[in-house]
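A.B. asks: Here it is, the structure in full.
The values are calculated or read from the model by the stated rules, or taken from the named source; none is laboratory data. Predicted model, so just to flag it, every value in this text is computed and none were measured. Here the Cβ positions follow ideal geometry from the backbone for every residue, glycine too, while neighbour counts run over all protein chains shown.
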Amino acid sequence: MGIFDLMDAHEHEEVMFCYNSTTGLRAIIAIHDTTLGRALGGARMWNYKTEADAVVDALRLSRSMTYQASVADCDTGGGKAVLWGDPLRDKSEAYFRAFGRFVEGLKGRFVTYADLGTNDRDLRYIRRETDYVAPFVATATAGTDGARVTAYGVLCGMRACAKMVFGDSSVRDKRVVVQGVGEVGRQLARYLSQEGAAVTITDVVFDAMKRVQDEVPGVEIVRPEEIFDCDCDIFSPCALGGVINRANVDKLKCKIVAGAAYDVLESDEIGDRLHARGILYAPDFVISAGEIFQSADKMRAATEKEAFERAGEIFDVLLRVFERARREQVAPLRAARKIALERIESIGQVKTILCRPPDLGL
Amino acid sequence: MTQKFRVLAINPGSTSTKIGVFDDEEVVFEEVIRHSEVDLGAFDKTWDQYEFRKRTIVEALRQHSVELGSLSAVVARGGLLRPVVSGTYQVNKLMIDDGRIGYQGEHVANVGPVLAFGISWDLGIPAYMVDPPSVDEFEPLARFSGHKDIPRLSLVHALNIKATARMAAEKMGKRLEDLNLVVAHIGGGISVSPLRKGRMIDANDGNSGGPFSPERAGSVPTMGLIDYVFDNDLPKAEIKRELVSRGGLVSYLGVNSAQAVEAMIAEGNEHARLVYEAMAYQIAKEIGAMATVLKGEVDAIILTGGVSGSKMLTDWIKERVKFIADVHIYPGEDELRALLLGCLRVLRGIEKPKTYPESVEPMPL
């Protein structure tokens, strides 16, 4: 499938390929939809196997960002930058400044922030070339605090799921399996333990698990390949996308899937299959919205209080999604998409009203 | 052709991490990675040194051009874990949890199993621990101390005692399980254990009893100890240090090496000679006591550990215990090899790996 076919399939506005031979920068900036506002999306650095994998990831993730902002009642559009490289090997000041200049060239159509594989230091270099970097909660440990907001949002989303499935919004005594304990997964494991849940974790990197175990000694660990064999109440994918696929969807032994990772499902049909199996799926772009609550809509940093309050709203948003799904007898993923698209459509229509007449120079 | 195994063995020490990579029994390389006070000073607890020590191990492997992916298994020394039977254990979460809290106390080797596990996890290979100091094969009679609130614990140099006993049995052309041995590990601390058919059915805990050693006080008169504690008004940690690190030869002579004492004796220092011979006397007495545990049915007496390389000392010991059985001397201790052999026994299917904690019989009190 060609690039334009892919853009058509995902309904994208723009895909920009950025290349700089001096620094080795190979980046793709995908802008999905800007009806609601500037396209907001993280800059993800990952050593993709192929160029096609990088393109597809940029397209899928930017589309999720559109839906996320819409359902979360934010006035931002969906975008994503994918930096095709090895975060351990390819980073340099010049690399990120080159990327910053490409972002600047978009004149605010795209606003970025740190994502998987990038960090605050990288952002500092990007910011030297462009102002279009999202101003997240400003604290001494901004990276960790951002993860806390996202994790808190996921916890609130799990409570909504628990209310639907168990009739009680508490996760106490529920067995939760967390796949991936980077910053967000680690914070989530802490929250869950504090709430009295029984937590099992896994990660391909043991040191990440040890950090969690040192803080929360009661957590259980399993090997990554055994995660789908775990009997649990809630499966929480917090690593990479596409982890639930045709090969493993029928192996899941849980009642709820609710995690921070984007694009958890290989395809929409997997969401239908979960629905058919009676497993409640919290749409990824709804439950992980805590990430974007760190910046207010007008490029202003949210206070920590604002960010946590908005992350707490994920509970109600998800309940509305589940109610809509129940009413229309569709999978929650499809219901959430509908809600997102309806808002984009209605606000898009509103934006046809001329409110700033052109200066005719009369 | 039999399968070859490449094993990484790790022995964490207080200021170093000894590692070795072996292709079956053959050494690929061994290295003592020294850690500076500045590096280790950055950590409050030994446990927190995990990532630092792991990084230095991985770096050493890289420098020796050993691909991580070429390893078959990782084995490490264990610390003061739960009392367990002797053997090779698969590292599991409970073992790591016990290392974190220091189940029977703080010990640098508590970080060993988590190092093995951390390296093995990322590679998808097994991690093992062999014969930690908390190996407990005591028989019920050995558990009585003389006061119901002060149990007699099995905290022994199990790794070296077991490995040396196996080596001696092999040299004698027998199976360890068919022999009765008394093994004395003579190092910075001294453990003497009677092995009945391979099991350490009794032993002194070098930190709190038995012969005095280069650094440990060993058994001291209890009344004298009570007076010492109350008369000096010392904090608990300080008293422990006095008995464990500043006792024995250090207390009497101010030095902790056998060579230094022998040099003093060579210069005509009669007091040094008396102290050194007293250490041999106490070791011999402990061996005699442990021979009674075996009711005198002793096939051999084994002397091992770093200080058993001292001919002067071992001659004095032999003179007093040779009436019991032949004395065999295996100087030094090769903990990396002991770890390796324990790991290979499991990899080759000679032994099944044990699941921690394979518990000992409960205290009959």
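A.B. asks: Search the range B:262-288 for residues that are in the same structural domain as B:LEU181 (by TED's automatic domain parsing) and at pLDDT 95 or above and pair each with any residue that is crowded, with 17+ Cβ neighbours inside 10 Å and of a type in the set (Asp, Glu) when their beta-carbon atoms are under 9 Å apart and the residues are at least 6 apart or on different chains.
C.D. replies: B:ALA272/B:GLU262; B:TYR276/B:GLU262
A.B. asks: If the requirement is being farther than 19 Å from B:LEU294 by Cα, in the same structural domain as B:VAL327 (by TED's automatic domain parsing) and part of a helix (DSSP H, G or I), which of these qualifies: B:ALA168, B:ALA163?
C.D. replies: On inspection, the qualifying residue turns out to be B:ALA163.
A.B. asks: So B:ARG216 passes all but one of these: (1) free of Cβ contacts under 8 Å to residues at least 40 places away in the same chain; (2) outside any loop (DSSP other than H, G, I, E, B); (3) buried (at least 18 other Cβ atoms within 10 Å of the Cβ). Which condition number does it fail?
C.D. replies: Tallying (1) free of Cβ contacts under 8 Å to residues at least 40 places away in the same chain; (2) outside any loop (DSSP other than H, G, I, E, B); (3) buried (at least 18 other Cβ atoms within 10 Å of the Cβ), B:ARG216 fails exactly one: (2).
A.B. asks: Give A:ASP284, A:ASP263, A:ASP268 a once-over and let me know the one that is more than 14 Å from every other protein chain (Cβ to nearest Cβ), within 17 Å of the chain's Cα centre (by Cα) and at positive phi.
C.D. replies: Numbers: A:ASP284 fails: at positive phi; A:ASP268 fails: at positive phi.
So the residue among A:ASP284, A:ASP263, A:ASP268 that is more than 14 Å from every other protein chain (Cβ to nearest Cβ), within 17 Å of the chain's Cα centre (by Cα) and at positive phi is A:ASP263.
A.B. asks: From the residues in the range A:259-277 that are in contact (Cβ under 8 Å) with a residue 60 or more places away in the chain and not in a helix (DSSP H, G or I), which one is surrounded by the most Cβ atoms within 10 Å (Cβ to Cβ)?
C.D. replies: A:GLY259
A.B. asks: Next up: For the range B:77-101, give me each residue that is acidic (Asp, Glu) and at the interface with chain A (Cβ under 10 Å from one of its Cβ atoms).
C.D. replies: Across the range B:77-101, the qualifying residue is only B:ASP97.
A.B. asks: Let me ask you something else. Restricting to the range A:326-344, and then to whatever is free of Cβ contacts under 8 Å to residues at least 12 places away in the same chain and part of a helix (DSSP H, G or I), can you tell me which residue is farthest from A:GLY167 (Cα to Cα)?
C.D. replies: A:GLU342
A.B. asks: Output the number of the condition that B:LYS174 fails; it satisfies all remaining conditions of (1) within 20 Å of B:LYS240 (Cα to Cα); (2) not in a helix (DSSP H, G or I).
C.D. replies: (1)
A.B. asks: Somewhere in the range A:33-56, is a residue polar (S, T, N, Q), at pLDDT 95 or above and in contact with a His (Cβ under 6 Å, 6 or more places away or on another chain)?
C.D. replies: no
A.B. asks: State all residues of the range A:1-35 that are free of Cβ contacts under 8 Å to residues at least 24 places away in the same chain and assigned to a strand (DSSP E or B); if no residue qualifies, say none.
C.D. replies: A:PHE17, A:TYR19
A.B. asks: Here's a follow-up. From the list A:VAL212, A:VAL216, pick out the single residue that is farther than 21 Å from A:LEU59 by Cα, surrounded by 22 or more Cβ atoms within 10 Å (Cβ to Cβ), within 14 Å of another protein chain (Cβ to nearest Cβ) and of a type in the set (A, V, I, L, M, F, W, C).
C.D. replies: A:VAL212
A.B. asks: Right, next: Looking at the range B:116-127, is at least one residue acidic (Asp, Glu), surrounded by 19 or more Cβ atoms within 10 Å (Cβ to Cβ) and either in contact with a helix residue (DSSP H, G or I) (Cβ under 6 Å, 6 or more places away or on another chain) or farther than 18 Å from B:SER14 by Cβ (or both)?
C.D. replies: no
A.B. asks: I would also like to ask the following. Evaluate the following for B:VAL183: is it touching a Ser or Thr at 6+ places or on another chain (Cβ under 7 Å), within 20 Å of B:VAL293 (Cα to Cα), assigned by TED's automatic domain parsing to the domain that holds B:GLU170 and not in a loop (DSSP other than H, G, I, E, B)? Spell out how you get there, then give the answer.
C.D. replies: Working: touching a Ser or Thr at 6+ places or on another chain (Cβ under 7 Å): yes; within 20 Å of B:VAL293 (Cα to Cα): yes; assigned by TED's automatic domain parsing to the domain that holds B:GLU170: yes; not in a loop (DSSP other than H, G, I, E, B): yes.
In short, yes.
A.B. asks: For the range B:26-53, which positions are within 18 Å of B:LEU123 (Cβ to Cβ), free of Cβ contacts under 8 Å to residues at least 60 places away in the same chain and within 14 Å of chain A (Cβ to nearest Cβ)?
C.D. replies: Scanning the range B:26-53 gives a single hit, B:GLU51.
A.B. asks: Failed condition for A:TRP46, given (1) in the same structural domain as A:CYS254 (by TED's automatic domain parsing); (2) touching a Gly at 6+ places or on another chain (Cβ under 6 Å), with all others met?
C.D. replies: The one condition A:TRP46 does not meet is (1).
A.B. asks: Output the qualifying pairs, or none if there are none: Cβ atoms under 9 angstrom, residues six or more apart or on different chains, first residue in the range B:102-125 and within 15 Å of B:LYS45 (Cα to Cα) and within 12 Å of another protein chain (Cβ to nearest Cβ), second residue in a loop (DSSP other than H, G, I, E, B) and among the β-branched types (Val, Ile, Thr).
C.D. replies: B:VAL114/B:VAL91
A.B. asks: Within the range A:73-88, is even one residue hydrophobic (A, V, I, L, M, F, W, C), crowded, with 16+ Cβ neighbours inside 10 Å and at pLDDT below 95?
C.D. replies: Yes, the conditions are met somewhere in the range A:73-88.
A.B. asks: Which one of these is more than 24 Å from A:PHE322 (Cβ to Cβ) and in contact (Cβ under 8 Å) with a residue 40 or more places away in the chain: A:ILE256, A:ILE234, A:ILE221, A:ILE227?
C.D. replies: On the way: A:ILE256 fails: more than 24 Å from A:PHE322 (Cβ to Cβ); A:ILE234 fails: more than 24 Å from A:PHE322 (Cβ to Cβ); A:ILE221 fails: in contact (Cβ under 8 Å) with a residue 40 or more places away in the chain.
Unique residue meeting the criteria: A:ILE227.
A.B. asks: Somewhere in the range B:333-355, is a residue under 30 Å from B:THR17 (Cα atoms), part of a helix (DSSP H, G or I), more than 20 Å from the chain's Cα centre (by Cα) and not β-branched (Val, Ile, Thr)?
C.D. replies: yes
A.B. asks: Identify, please: which residue in the range A:176-189 is out of contact with any Gly (no Cβ under 9 Å at 6 or more places or on another chain), buried (at least 19 other Cβ atoms within 10 Å of the Cβ) and not hydrophobic (A, V, I, L, M, F, W, C) and is, among those, nearest to the other protein chains (Cβ to nearest Cβ)?
C.D. replies: Of everything passing the filter in the range A:176-189, A:ARG186 is nearest to the other protein chains (Cβ to nearest Cβ).
A.B. asks: Which ones in the range A:196-209 are outside any loop (DSSP other than H, G, I, E, B), closer than 22 Å to A:MET158 by Cα and either facing chain B (nearest Cβ under 10 Å) or not hydrophobic (A, V, I, L, M, F, W, C) (or both)?
C.D. replies: Passing the criteria: A:THR200, A:THR202, A:MET209.
A.B. asks: Let me ask something additional. Sort out which residues of the range B:54-76 are within 12 Å of chain A (Cβ to nearest Cβ) and either over 19 Å from B:LYS352 (Cα atoms) or among the small types (Gly, Ala, Ser) (or both), and write them in order of number. It would help to see each step written out before you state the result.
C.D. replies: Just the residues of the range B:54-76 that are within 12 Å of chain A (Cβ to nearest Cβ), to begin with: B:54-55, B:58, B:74.
Residues satisfying the conditions are B:LYS54, B:ARG55, B:VAL58.
A.B. asks: What number of residues in the range B:19-55 are among the aliphatic types (A, V, I, L, M) and over 28 Å from B:ASP98 (Cβ atoms)?
C.D. replies: 3
A.B. asks: Of the residues B:ASP299, B:ASP326, only one is without any contact (Cβ under 8 Å) to a residue 60 or more places away in the chain and either farther than 20 Å from B:GLY13 by Cα or buried (at least 19 other Cβ atoms within 10 Å of the Cβ) (or both); which?
C.D. replies: Among B:ASP299, B:ASP326, only B:ASP326 is without any contact (Cβ under 8 Å) to a residue 60 or more places away in the chain and either farther than 20 Å from B:GLY13 by Cα or buried (at least 19 other Cβ atoms within 10 Å of the Cβ) (or both).
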